[in-house]
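Sharing a structure, written as structure tokens. Questions coming.
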Amino acid sequence: MINNTICGSDCMRIAVCDDNKVTLDFLCDEIGREFSKTKADFFLDAFENGVDFLSQHEKAPFDFVFLDIDMPNINGFEIAERINKDNSSLIVFVTSHDELVYSSFRFQPFRFIRKNHIAAELPETVKALAERNIERTAARHFEVRTSSGNVFLDLNDVEYIEIYGHWLRITV
């Protein structure tokens, strides 16, 4: 579901960055349609330039970034280099420059989608990203046995844990 509200802990935060407005709108529509098929919650944000994207990403990192390579001022490779410094996002390059696929490897992209093959390449990419998101969120949840039964907690909700012998005090 595309929404413009704050994401919960299991919500996928997705950015699409392309300097061509028509292409950006098309990509957002297609990416949104494919993620809707996963039945997962997601937030999709669009950026027409790398500067605006990086400004927002630094405030609240995106889980997945669909990134054009050939853009003015700051290109997709420069953006990827900055994203990789904090290791927070999976990058999917989306470009009409097929010849850049091998150059993109040094930025360790999750996938490389050719703009003239969106219909064929996007569904598999989104499915793989959704699966990766399930793995990421599963790693943040844990089960605690209590005297009144088992409780499942999200690691992001835990403020701190104190240990008293064989007992835990968990503050959320």
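The values are calculated or read from the model by the stated rules, or taken from the named source; none is laboratory data. This is a predicted model, so every value here is computed, not measured. No Cβ is skipped: glycine too gets one built from the backbone with ideal geometry, and neighbour counts run over all protein chains shown. Keep in mind that these areas ignore ligands, DNA and RNA; they rest on the heavy atoms of the full protein, side chains included. Shrake-Rupley method; radii C 1.70, N 1.55, O 1.52, S 1.80 Å.
Keeping every protein chain present and rolling a 1.4 Å probe, give me the accessible area per residue for region 1-103 in Å².
Per residue, region 1-103 has 50 Å² of solvent-accessible surface.
Evaluate the charge dipole of region 1-122 about its Cα centre and quote only its size in Debye, nearest 20, assuming +1 on the Cβ of each Lys and Arg and -1 on the Cβ of each Asp and Glu. Kindly include the intermediate steps, with their values, before the conclusion.
Details: 12 positive and 21 negative charges, 63 e Å.
Computed charge dipole of region 1-122: roughly 300 debye.
In whole Å, what are the extents of region 1-115 along the principal axes defined by its C-alpha atoms, from largest to smallest?
Its Cα atoms span 35, 27, 22 Å along the three principal axes.
Given H placed on each backbone N at 1.01 Å, which residues far from Val94 in sequence or on other chains put an amide H within less than 5 Å of it?
Close amide H contacts, sequence-distant or interchain: Leu67, Asp68, Ile69, Ile113.
Can you give the extra length, in nm with one decimal, that the chain gains between Arg33 and Val172 once fully stretched, where that is 0.36 nm per residue apart less the Cα-Cα distance? Could the numbers behind the result be given before it?
Details: separation 139, 0.36 × 139 = 50.04 nm, distance 3.56 nm.
The Arg33-Val172 span can extend by a further 46.5 nm.
Let me ask you something else. How long is the gain from Val51 to Phe105 if the chain were fully straight, where each residue apart is worth 0.36 nm and the alpha carbon distance is subtracted? Could the numbers behind the result be given before it?
On the way: separation 54, 0.36 × 54 = 19.44 nm, distance 2.26 nm.
Going from the current span to full extension adds 17.2 nm.
Taking the Cβ-Cβ separation of Phe26 and Ala120 as r and a Förster radius of 22 Å, what is the calculated FRET efficiency to the nearest 0.05? Please report the intermediate quantities before stating the final value.
Working: r = 15 Å, r/R0 = 0.69.
Between Phe26 and Ala120 the formula returns 0.90.
Let me ask something else. Let me have the 222 nm mean residue ellipticity of the chain computed from DSSP H runs of 4+ only, each contributing -39500 (n - 2.57), with the sum over all residues rounded to the nearest 500. If you can, show how the numbers build up before the last one.
Numbers: 5 runs with 63 residues, N = 172.
Here the helix-only value at 222 nm equals -11500 deg cm²/dmol.
Continuing with this model, one more query. Please get the size of the charge dipole for region 69-172, origin at its Cα centre, with Cβ charges of +1 on Lys and Arg and -1 on Asp and Glu, quoted in debye to the nearest 20. Don't jump to the answer; show the numbers that get you there.
Details: 12 positive and 15 negative charges, 21 e Å.
The dipole magnitude comes to about 100 debye.
Just how far, in whole angstrom, is region 59-74 from region 86-138 if you go by their alpha carbon centroids?
12
Under 25 Å between alpha carbons, and skipping anything fewer than 8 positions from Lys127 in its own chain: which lysines qualify?
Lys37, Lys39, Lys115
Sticking with this structure for a sec: Report, ordered by chain and residue number, the lysines lying within cross-link reach of Lys85, taken as a straight Cα distance under 16 Å and ignoring same-chain residues fewer than 8 apart.
Lys59
Taking all protein chains in place and a 1.4 Å probe, what share, in percent, of the accessible surface of region 73-172 do carbon and sulfur account for?
On the way: 3440 of 6750 Å².
So the carbon and sulfur contribution to the accessible surface is 51 percent.
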